[in-house]
Amino acid sequence: MRAIITHQPSCEVTQIDRLADETVFHLATGQHLRVGVAPSVLEKRLRINLAQPPSNLRTDIFCHPFMSRAVWDVVAPIVRTHPDIQQLFTGHPKLQALAEMGYDELRELPLRAYITGGLYLSYPFNFMSRAIDPQLETSEYLCDFMDGDYLVKVVVDLDSRAVTVTQ
């Protein structure tokens with residue numbers, strides 16, 4: 001089993017912790033990916049047995065790294081105060097709580113899991129560059145905020161502070 005983190009070399013999963021409500025993947029780099037899904041659910045949806053050694057598993061993990069503190073310094077105040085974002089977060093305490101968390105708290109949250117031909121993981125509050133190629137510069141960063149099936153997409157231009165919000 002390999003972990004493929006955007007713009008980083010892929011690395012092997014060395015250990016899998018199967019906890020009651022979470023699954024933790026330990027990577028050869030020393031990183032760990034804490035997923036907020038019970039191992040039994042991942043096993044069923046991926047059709048694998050996580051008790052096997054990770055080297056025997058033929059499923060890859062895909063993930064974006066957590067945003068830099070410099071990006072967070074720009075987007076956090078915007079998410080907390082932008083009227084369109086606040087209006088769409090109203091009635092969704094989970095999203096309202098995310099907006100109030102600090103950088104280090106957000107880094108420690110369990111990752112969300114999507115399963116479509118592999119295991120795709122994402123942080124619940126993580127602005128990513130819209131540039132597909134890291135050599136292409138862009139100041140636009142996007143984040144999908146989710147509460148169940150409820151989705152709010154936010155794009156922030158770090159230079160101009162322009163915000164686009166869609167639901």
Candidates LEU33, LEU121, LEU57; GNM for the chain (alpha-carbon contacts under 10 Å) flags as most fluctuating LEU57
Give the relative contact order (percent, whole number) for the range 5-147; include only Cα pairs under 8 Å separated by 6+ residues. 21
Helix-derived mean residue ellipticity, 222 nm - over the chain, DSSP H n ≥ 4, -39500 (n - 2.57), to 500: -6500 deg cm²/dmol
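In debye to the nearest 20, how big a dipole does the chain give about its Cα centre with +1 on each Lys and Arg Cβ and -1 on each Asp and Glu Cβ?
Numbers: 15 positive and 20 negative charges, 102 e Å.
Dipole magnitude for the chain comes out near 480 debye.
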In the range 64-141, the GluC sites (Glu not before Pro) that sit in a DSSP loop and have at most 14 other Cβ atoms within 10 Å of their own Cβ are GLU108, GLU137
Can you give me the Cα centroid spacing of the range 137-157 and the range 1-75 in angstrom? 22
In degrees rounded to 10, the 0-90 angle between helix 69-81 Cα long axis and the longest Cα principal axis of the chain is 60
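Quick note: the coordinates plus some simple rules give every number you see, no bench work behind them. The structure displayed is predicted, hence computed values, not measured ones. Neighbour counts run over all protein chains shown; Cβ positions are idealised from the backbone, glycine included.
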